[in-house]
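A short reminder: the numbers here are calculations on the coordinates, not readings from a lab. From a predicted model like this one, the values you see are computed outputs, not experimental measurements. As a convention, Cβ positions derive from the backbone with ideal geometry for all residues, glycine included, and neighbour counts pool all protein chains shown.
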Amino acid sequence: MDELTLLRAMNGIHEEDVVMAGKLYFNENTVRKTSKRIFTLALAAALLLALGAAAYAVWSVHISRQQDLRSDLKIEENNASSYMEYDVTQQEKAGSAASLVLLSAVNDGTEQRIYVDVSPVAKENIARFPADVRFAWSIAGTEIGGFAGPQLPVSLSLSGDEAIRNAVLDYAYDEETETLTLQCYADVKFIEKAMSDLGTDSVPLQVHMIVGENDSHTFGPVPFKLTDEQTRSFDFGPAQYHDKELNKTIEIVGLELTPFSAVWKVSYEGAASFHTPEADQAAYEPWSMLEDKVCIETKLIFSDGSEFSTGGALTTPYENGTVNQFCGWGSAINIDDVQRIELGDLVLWELKAADEEMPRQAQDQQQ
Amino acid sequence: MEDREIVDLYWQRSDRAIAETEQKYGRYCRTIAMNICGSNEDAEECVNDTWFRAWNRMPSERPTVLSAFLGCITRNLAINTIKAKNRIKRGRGEASLALEELSECIPDGRSPEKVLEEKELEKLIGRFTADLKETDRTIFVLRYWYLVPVADIAEKLHCSQGKVKSSLFRTRKKLREALQKEGLYWTN
């Protein structure tokens, strides 16, 4: 066997894996999703009795979407107290959101995720998504805004525009009321800037549907306030992790954990210089591998014995003397239930009885 | 036009089949060919040959995923091209770099080489790749199926080149172990 044979044998990579990677490279759209929606029929029936049928149709969609989100994001299962749900009936009564209804929001420390329903969205526009129809959010009166997209359950991979459209129709769109559920991805810093620019605590959030090149529809605005974050911080001392293979030692300074994200703080010699555009990539490579190792191979162990890895970092800026590796995931984890944190043989933190529970190098500073 | 409709055109032996394929997958196949050959002229030839091969293989075949079907033809043609022109290790394309990297995956050893049919090796690679974590898999496929430069992968994934390189390093190491387990060694 030689390397050319091996290169040719890559033809054995499964078609769907080739397509998924190709979609990413050739800039087409991919979306992830998982479990099925759950409708609570009992609640729907009770509401039907209490309300007129027409009003019920709209409200039940909002309420049903809230239930889907709670279930899919594992909010109750994992005590995600930073998840905030809005009263959709109050919004209807206030008449402030005929076309934009806030469903829920969660602040994961760096990103504020906002779930909304917009209507009316014609089915023909869903048929043109994602190629010719895009969604965005903005703060009225400012130039601040960002990306929004149909809210699909987490962890299921979809490939191709048609599959995405079908999933949107199945999970995010209600044909009868022409209501579409979206997630707005807002950097907390952007919202704070808008608050500062406008001099108010709440900001006027609006959502846009851009059809083709120029046709834009705006939903809202509705007042929106940043929601509280739920963070648990771990200070590891710092702990020294030595990798025998790479013969390098990295300091694991701390971990900031939210139900949906983590920031691993690490430090090592020359870290600042490696996180600049002029960095020597060859020299950085072993350190990059060590950075990855911390994010990917460290296990958070829960009381039932299950383990969780935060996965690879999405961004790794050098700030305030440490490399801050930001990781994110779809459904909540129970950050209060973490019993032990370990990387290989190195125990970074472990929950023990009373005052003796703190490990040699780390202490828990739960907020 | 949907893939199914394009495939129908091939099955109907319609003249429009190739024009529609070129329109939808021209850039896709050209990029694959260019990544491997590193030459516009060779890449263009590979793409034209791809349409010709696709025309000959349909209607007897009915591809389920047209992009993968066409991409695979282009990829094989491009590898054949650089091999035929003896540019495999000194080409301007990514192939020479990718091959150098892949050589790390093949275990050294003196025991008798296990002769493995290329199809079996392909199956092994397919299973190996499917078992990788999603990000590592995407990076591996982009690098060794599409032969995308590391810098481009990093840009697409919004991460540093170091991250991509370290992922590839890890995956190659795992692949080496997987091949070793199968008893596969160098033959030259």
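I'd like to compare B:11-18, A:343-350: which one has the highest average count of other Cβ atoms within 10 Å, and what's the full order after that?
Ranking, from highest mean packing down: A:343-350, B:11-18.
Roughly how many whole Å is it from the C-alpha centroid of the stretch A:137-155 to that of the stretch B:140-168?
28 Å
Taking the Cα centre of chain B as the origin and placing charges on Cβ (Lys, Arg +1; Asp, Glu -1), which of B:54, B:99, B:1 is farthest toward the positive end of the dipole?
Of the listed residues, the answer is B:99.
Any chance you could run the full-extension gain for residue A:245 through residue A:347? It's 0.36 nm times the residue separation minus the Cα-Cα distance, nm to one decimal.
Gain on extension, residue A:245 to residue A:347, equals 34.8 nm.
Show me A:257-268, A:206-217 ranked by packing, highest mean number of other Cβ atoms within 10 Å first.
So the peptides A:257-268, A:206-217, ranked by packing, come out A:257-268, A:206-217.
Between residue A:131 and residue A:320, 0.36 nm times their residue separation minus their Cα-Cα distance comes to what?
63.9 nm
Given the DSSP H assignment, sum -39500 (n - 2.57) over each helix run of at least 4 residues in chain B and divide by its residue total; what's the result at 222 nm in deg cm²/dmol, nearest 500?
Value at 222 nm, helices only, nearest 500: -22500 deg cm²/dmol.
About the Cα centre, and with charges only on the beta carbon of Lys, Arg (+1) and Asp, Glu (-1), how big is the dipole of the stretch B:3-84? Nearest 20 debye, please.
That gives a dipole near 240 debye.
Which of the residue pairs A:244/A:293; B:24/B:163; B:133/B:163; A:265/B:173; A:189/A:225; A:123/B:156 have a Cα-Cα distance greater than 21 Å in the structure shown?
B:24/B:163; A:265/B:173; A:123/B:156
Under a plain spin-label model, where a point goes 7 Å from the Cα along Cα-to-Cβ, how far apart in nm are residue A:272 and residue A:89?
Spacing of the two 7 Å Cα→Cβ label points: 5.8 nm.
Among A:230, A:282, A:268, whose Cα projects farthest towards the positive end of the dipole of the stretch A:227-285, with charges put on the beta-carbon of Lys, Arg (+1) and Asp, Glu (-1)?
Result: A:230.
Using θ = phi - 60° and the Karplus form 6.51 cos²θ - 1.76 cosθ + 1.60, what ³J(HN,Hα) does each residue of the stretch A:5-18 get, whole Hz, x for Gly and Pro?
Karplus-based 3J(HN,Hα) across the stretch A:5-18 equals 4, 5, 4, 5, 5, 4, 4, x, 4, 4, 3, 5, 6, 5 Hz.
Out of residues 5 or more away from residue A:248 or on other chains, whose amide H comes under 5 Å of its own, with H placed 1.01 Å from N in the peptide plane?
A:243
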